[in-house]
Amino acid sequence: IAVLQIVKESQQQHGLRHGDFQRYRGYCSRRLRRLRKTLNFKMGNRHKFTGKKVTEEILSDNRYLLLILMDAERAWSYAMQLKQEANTEPRKRFHLLSRLRKAVKHAEELERLCESNRVDAKTKLEAQAYMAYLTGMLRFEHQEWKAAMEAFNKCKTIYEKLANAFTEEQAVLYNQRVEEISPNIRYCAYNIGDQSAMNELMQMRLRSGGTEGLLAEKLEALITQTRAKQAATMSEVEWRGRTVPVKIDKVRIFLLGLADNEAAIAQAENEETKERLFESLLSECRDAIQAVREDLKPDQKQREHSLENDSGKVSNIQYLHSYLTYIKLSTAIKRNESMAKSLQKALLQQQRSEEDGKRTPRPQDLIRLYDIILQNLVELTQLPGLEEDKNFQKEIGLKTLVYKAYRCFFIAQSYVLVKKWSEALVLYERVLKYAREVQSGAGAYTNSLKELPDVQDLITQVNAEKYSLQAAAILDANDSHETESPSQVKDGKPLSERFETFCLDPSLVSKQVSLVHFPPGFQPIPCKPLFFDLALNHVAFPPLEDKVEQKAKSGLTGYIKGIFGFKS
């Protein structure tokens, strides 16, 4: 059986993709029940339990090995579930260790059975690696670093040999497992006394933007512990010519890790990792600011007193709060600038994005980012303790001009898309104005503006865009002139009334084509003639007196005669 492949596929399909160990444990239990029923390997009946063990003699089907593998996986998944719950309930750690020992016991039984001649060499190696992996995890939890390192190294060696022995497609799974256990080996080496392993762990964490799995919490705790030891010797920080004491441990730890975090962001391999590191740094900064803010509340009266005595000079704790706020706002500006750069690259590749079915970025997205950056710069100028710092205010003013120039540039581009040429041209001129102001005032602040986008590149791009805009405006004006020529102007008549006159009518190929008047208008038609009988007044009708008198004489006698058929 392919032990690692079965384990990985089961884990990915039944909960571990989302870290749901309880769901995976339920799946292992159900699969065990199905296997026992299929193999008729039941543990007694509903009234009595009768234990059975898989022996080499009955090893006629590979599903007997799956029974033991699923037992080990069920115990391991329960241990990982308890590990998550042990963060809030420390007593569950004892149960966690018990389930890990149970998983190792099942893995040992699997390894023993795989020594049979009925099992192929690949399965034997995979069973040994699986056994070494679970043993290493158990020793890792017991903090037996040397034994854990030996077990993980054995597991790593076996999987590396298996990866070299098979095709690239089959080797992917083994290499992934090797990558998973490499941080654990380095962590064990560090705890044994190898200081270089800590640097390797830090580099791995910085490249990936965070660690997952068994090592995550321990590595974060180790980093915090290391920084805490260094923080014990850190008592003050200097910023813009003023030294302030740092008494809050959380702030010390944050300031010590600031350089490492910034180096990690600079070395990030992709935008997703960089974004995750920015968010982590901002979160730590917010926590440090909150710790300082809590100390500011009881210190408020002293701060007001110092403001009166020192002629506006803020207290040390308030200045430290301003420093941390400066770090937070500067980091937010760098993050938004990084997002803006990635969006600019995407704007240049719009055609490929449309083919991939992704949403095409627009200049409006960049305008929103630069709006946020300008808002952060406004907040920087309002930090307590820096109102009188002329150099700082001048530096922030120059940065504001740079970002205003880029904001105007993308507003102009959005106007170009809707063919508003005059508005776009005015905005391009405004961009050049801002850029020249930056160049004229950046003499003494060249070092502080190095990290900002180069305004000279922007000037070159704007000049090129201006020529393109003027050409597009002229072409658009010619097109509009042609559409207003007499041969193209319609008088509102439908096509049926202007067959003799030629004119270009784009509406003939549209959905609202005018062919005839509908409904048609009313037209006069001859009505039905009226006849008047004028001769009737001059006609003499025959007399009817004799018939009227005869009818009057015939009374009852005439009636009786008429009944019996007598006629006079």
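The values are calculated or read from the model by the stated rules, or taken from the named source; none is laboratory data. Source: prediction; values computed, not measured. Cβ sites come from the backbone with ideal geometry, for glycine too, and all protein chains shown count toward neighbours. For accessibility, only protein heavy atoms count, side chains too; no ligands or nucleic acids. Shrake-Rupley method; radii C 1.70, N 1.55, O 1.52, S 1.80 Å.
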- Just round it to a whole percent: the fraction of Cα-Cα distances in the stretch 393-434 exceeding 15 Å. 40 percent
- Task: Report the relative contact order of the stretch 1-100, percent, no decimals, based on alpha-carbon pairs under 8 angstrom and at least 6 residues apart.
- Result: 28 percent
- Got the relative contact order for the stretch 65-134 handy, in percent, Cα pairs under 8 Å and 6 or more residues apart? 34 percent
- Task: Taking H placed 1.01 Å from N in the peptide plane, check which residues at least 5 places from residue 239 or on another chain put their amide H under 5 Å from its amide H.
- Result: 244
- Item | Overall form of the stretch 47-156 per C-alpha gyration tensor (a/c, 1.5; a/b vs b/c) | oblate
- Message: At 1.4 Å probe size, what's the solvent-accessible area of residue 149? Round to the nearest 10 Å².
- Response: 50 Å²
- Give the shape of the stretch 47-99 as rounded, prolate or oblate, defined through the alpha-carbon gyration tensor: a ≥ b ≥ c are the square roots of its eigenvalues, a/c under 1.5 means rounded, and otherwise the shape is prolate if a/b is larger than b/c and oblate if not. prolate
- Note on the structure: Measuring from its Cα centre, the stretch 1-65 shows a charge dipole (+1 at each Lys and Arg Cβ, -1 at each Asp and Glu Cβ) which, in debye to the nearest 20, is 460 debye
- Extending each Cα 7 Å along its Cβ direction at residue 512 and residue 120, get the distance between those two points in nm, one decimal. 7.3 nm
- Heavy-atom accessible area order for 374, 96, largest first, 1.4 Å probe: 374, 96
- Exposure ranking of 528, 328, 345 by accessible area [1.4 Å probe, largest first]: 528, 345, 328
- Hey, what does the equivalent ellipsoid look like for the stretch 1-58, semi-axes from the Cα gyration tensor as sqrt of 5 times each eigenvalue, largest first, whole Å? 26, 16, 8
- Message: Taking 0.36 nm per residue of sequence separation and subtracting the Cα-Cα distance, how much length would be gained by fully extending the chain between residue 247 and residue 33, in nm to one decimal?
- Response: 71.0 nm
- Query: Given R₀ = 56 Å, FRET efficiency for residue 98-residue 166 by Cβ-Cβ distance, to 0.05?
  - Reply: 0.95
- Task: Quote the FRET efficiency, to the nearest 0.05, computed for residue 48 versus residue 85 with a Förster distance R0 of 35 Å and r equal to the Cβ-Cβ distance.
- Result: 0.55
- Just check the stretch 327-438 against the gyration tensor rule for me: Cα atoms, a ≥ b ≥ c as the square roots of the eigenvalues, rounded for a/c under 1.5, and otherwise prolate or oblate depending on whether a/b exceeds b/c. oblate
- Query: Are any of the pairs 334/419; 105/154; 394/433; 102/156; 37/102; 102/161 more than 25 Å apart by Cα-Cα distance, and if so, which?
  - Reply: 334/419; 102/161
